[in-house]
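Here's the structure we're looking at; comments come further down.
None of the figures in this text is laboratory data; all of them are computed from the coordinates on show. Small disclaimer: the values here were computed from a predicted structure and weren't measured. Cβ atoms come from the backbone with ideal geometry, glycine included; neighbour counts cover every protein chain shown.
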Amino acid sequence: MKEIIVQLFGAFSELDAQRQLSVAVEGGQVSDLRRALRALLQERFPQFRAGLVDYSAFADEQRVLRDNELLPSDGRVAILPPVSGG
């Protein structure tokens with residue numbers, strides 16, 4: 001199991017004053033993190049719309065990561081919820 005620090009942006013930033021969560025992830029792909037974060041949110045923050053994780057992007061310091069990619073070796077990612085505007 002690997003601990004990943006997820007930096008929170010947008011609607012997710014309201015979950016923690018430090019704007020980050022530590023997530024225990026089984027597996028090494030972004031899809032594994034997505035599944036673990038969704039479960040954590042449902043457990044710790046039942047009032048939060050955990051399904052938002054399904055529509056959000058994950059990124060490292062340089063780029064947006066796809067679900068089939070490996071998690072960064074430094075164990076830090078950001079979650080970027082969808083946005084709209086005009």
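Laid out as a table, the results:
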item: Difference of contour (0.36 nm per residue) and Cα-Cα distance, ASP60 to ARG19; result: 13.2 nm
item: DSSP beta bridge pairing in the chain, given as percent antiparallel to the nearest 5; result: 75
item: Gained length - LEU52 relative to SER73, 0.36 nm times residue gap less alpha-carbon distance; result: 5.0 nm
item: Histogram of C-alpha separations across region 1-76, 10 Å bin width, %; result: 19, 59, 22, 0
item: Exposure proxy order (Cβ contacts within 10 Å, fewest to most) of VAL83, VAL77; result: VAL83, VAL77
item: Ordering of 60-73, 28-41 by burial proxy (mean other Cβ atoms within 10 Å per residue, highest first); result: 28-41, 60-73
item: Order of ILE5, ILE79 - criterion: other Cβ atoms within 10 Å of each residue's Cβ, fewest first; result: ILE5, ILE79
